[in-house]
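The values are calculated or read from the model by the stated rules, or taken from the named source; none is laboratory data. A quick note: this is a predicted structure, and the numbers were derived from the prediction, not measured. Every residue, glycine as well, gets a Cβ built from its backbone with ideal geometry; the counts of neighbours run over all protein chains shown. Ligands, DNA and RNA are stripped out before the accessible areas are found, and what is left, the full protein with its side chains, is counted by its heavy atoms. Shrake-Rupley method; radii C 1.70, N 1.55, O 1.52, S 1.80 Å.
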Amino acid sequence: MKVFVTGGAGFIGSAFVRLLLGSSRPDAKRPSLVVNFDKLTYAGNLENLAPVADDARYRFVHGDICDAALVNQAIAETEPDVIVNFAAESHVDRSILSPAPVFETNLRGTFTLLEAARLHKTPRFLHVSTDEVYGSIPVPDDADEDYPLRASSPYSASKAGSDLLALSYFVTYGMPVMVTRASNNYGPYQFPEKLIPLMISNAMEDQPLPIYGDGMQVRDWLYVDDHCRAILAVIERGRAGEIYNVGGSRSLPNLEVVERILDTVGKPHSLMQTVKDRPGHDRRYALSTEKLLHETGWQAEMPFEAGLRTTIDWYRANAAWTARVKSGEYQSYYQRNYANRAV
Ligand code: NAD
Ligand code: TYD
């Protein structure tokens, strides 16, 4: 199998590439070629791929998924059996501060890839999406794949739009497109703008931990390797034209997650600092993953406690990685997002 991955230098994409090429998979299931097509935005980092960089089956192409000529050329050269689209502007807070790149990459980029896949008759196209397209889910609901789309942020609206676009290529052109919608991921190599790595990093540096509003917003936490195994299960056993939710079945309020981080890192709860809430903040995400279990047999394996410990251990052992990604642009982003937020 030849796999064309976009956004493979990011958090989840790089975990997927490492899983594809790693030794944990049986020989027969390992791909003959993995092409990673990535623009290397602030979130893309080739260091995340150091474990596979010298693998003869791995190739990197530096490019933007909005660049139709380059995308077409790379797909023509690769002749992939499957395209897995991870490339995105992936952060809600950044999408609120600057929505333009979000719509450019998440919508126009997905469109450009779909057109290239149509031209080259790629046998499978998996579009990686998010539970945020369902918006805030009232208790006691769990959103299944037919739940209404009620995106709240520019990020989630762009993902909802790209999901619909991808699925329209199945309906209109009969293209074998599948969409996965995962809950909040966490694990090693996550950029420290998202809740868990930001809180670990700030706790380790004795910096304040900014809690939006009352901190009682609920997220369903999914270990990144479980997500990557779900994507493989959908590629191997999913049906074209279908959507599959991927959840960790571990719902927790943010305050509880942050308190656990402080306890594990060994820092006082007094480091938590309530700040002004995020505009349009979704209160609760909750997913039904029955369909994925029923059709592919996939289940999340990593318990949250063990996953969080592994993640904290990784950030402890890789302080130099964090220091590098936090230098430069990160500092101005942090200022823009967190300055003037005192309550
Ligand atoms: P990330 O921000 O860590 O990485 C995104 C990657 O895409 C980076 O390597 C970046 O360089 C690349 N990229 C961005 N714009 C590009 C462009 N125009 N052309 C080519 N490459 C480009 O993101 P992530 O957290 O790994 O998320 C990956 C995917 O999973 C996204 O589609 C996101 O919407 C989805 N998702 C993420 C989560 C989560 O909790 N992080 C949950 C559900 C779904
Ligand atoms: P985040 O990791 O940005 O993911 P998402 O918004 O996609 O769910 O945020 C997870 C939760 O943590 C969300 O409810 C917002 C909250 N949060 C904070 O309270 N403080 C922060 O500094 C960040 C980044 C997030």
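Here is a yes/no grid of residues against (1) of a type in the set (Phe, Trp, Tyr); (2) touching a residue at least 12 places away in the same chain (Cβ under 8 Å); (3) within 12 Å of ligand 2 (Cβ to nearest atom); (4) touching a helix residue (DSSP H, G or I) at 6+ places or on another chain (Cβ under 9 Å):
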{"residue": "Gly247", "(1), (2), (3), (4)": "no, yes, no, yes"}
{"residue": "Asn254", "(1), (2), (3), (4)": "no, yes, yes, yes"}
{"residue": "Val257", "(1), (2), (3), (4)": "no, yes, yes, yes"}
{"residue": "Thr274", "(1), (2), (3), (4)": "no, yes, yes, no"}
{"residue": "Pro279", "(1), (2), (3), (4)": "no, yes, yes, yes"}
{"residue": "Leu292", "(1), (2), (3), (4)": "no, yes, no, yes"}
{"residue": "Gly297", "(1), (2), (3), (4)": "no, yes, no, yes"}
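Provide a single number: the residues in segment 85-114 that are in a helix (DSSP H, G or I) and under 17 Å from the mean Cα position of the chain (by Cα).
12
Checking Gly174 against (1) open to solvent by less than 20 Å² (accessible area, probe 1.4 Å); (2) on the phi > 0 side of the Ramachandran plot, which single condition isn't satisfied?
That leaves (1) as the condition not met.
Results for (1) crowded, with 24+ Cβ neighbours inside 10 Å; (2) within 11 Å of ligand 1 (Cβ to nearest atom); (3) not charged (D, E, K, R), shown as yes or no for each residue.
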site	(1), (2), (3)
Val128	yes, yes, yes
Asp131	yes, yes, no
Gly135	no, no, yes
Asp142	no, no, no
Glu145	no, no, no
Arg150	no, no, no
Leu167	no, no, yes
Phe191	no, yes, yes
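Can we say Gly248 is crowded, with 23+ Cβ neighbours inside 10 Å and part of a loop (DSSP other than H, G, I, E, B)?
yes
Scan segment 251-262 for residues that are open to solvent by 60 Å² or more (accessible area, probe 1.4 Å) and either polar (S, T, N, Q) or not in a helix (DSSP H, G or I) (or both) and jot them down.
Ser251
Condition first: small (Gly, Ala, Ser), within 17 Å of Trp321 (Cβ to Cβ) and touching a helix residue (DSSP H, G or I) at 6+ places or on another chain (Cβ under 8 Å). Can you find one or more residues in segment 16-38 that meet it?
no
Checking Asn72 against (1) more than 23 Å from Ala117 (Cα to Cα); (2) in contact (Cβ under 8 Å) with a residue 12 or more places away in the chain; (3) of a type outside the set (Gly, Ala, Ser): exactly one of these is not met. Which one?
Asn72 satisfies every listed condition except (1).
Return the residues of segment 115-144 that are assigned to a helix (DSSP H, G or I) and farther than 15 Å from Gly161 by Cα; say none if nothing qualifies.
Passing the criteria: Glu115, Ala116, Ala117, Arg118, Leu119, His120.
Being within 16 Å of Phe11 (Cβ to Cβ) and among the aromatic types (Phe, Trp, Tyr) is the filter here, so list the residues in segment 184-243 that pass it.
Hits for segment 184-243 are Tyr186, Tyr189, Phe191, Trp221, Tyr223.
Take the residues of segment 169-189 that are assigned to a helix (DSSP H, G or I) and touching a strand residue (DSSP E or B) at 6+ places or on another chain (Cβ under 7 Å): which is nearest to ligand 1 (Cβ to nearest atom)?
For segment 169-189, the residue satisfying everything is Tyr169.
Every residue in segment 200-229 that is of a type in the set (A, V, I, L, M), touching a Pro at 6+ places or on another chain (Cβ under 9 Å) and within 16 Å of ligand 1 (Cβ to nearest atom), please.
Answer for segment 200-229, where residues must be of a type in the set (A, V, I, L, M), touching a Pro at 6+ places or on another chain (Cβ under 9 Å) and within 16 Å of ligand 1 (Cβ to nearest atom): Ile200, Val218, Val224.
Is at least one residue of segment 110-128 within 16 Å of ligand 2 (Cβ to nearest atom), closer than 25 Å to Asp226 by Cα and in contact with a strand residue (DSSP E or B) (Cβ under 8 Å, 6 or more places away or on another chain)?
Taking every residue of segment 110-128 in turn, at least one turns out to be within 16 Å of ligand 2 (Cβ to nearest atom), closer than 25 Å to Asp226 by Cα and in contact with a strand residue (DSSP E or B) (Cβ under 8 Å, 6 or more places away or on another chain).
So for segment 222-241 (the condition being within 16 Å of ligand 2 (Cβ to nearest atom), in contact with a strand residue (DSSP E or B) (Cβ under 7 Å, 6 or more places away or on another chain) and open to solvent by 10 Å² or more (accessible area, probe 1.4 Å)), does at least one residue qualify?
Yes.
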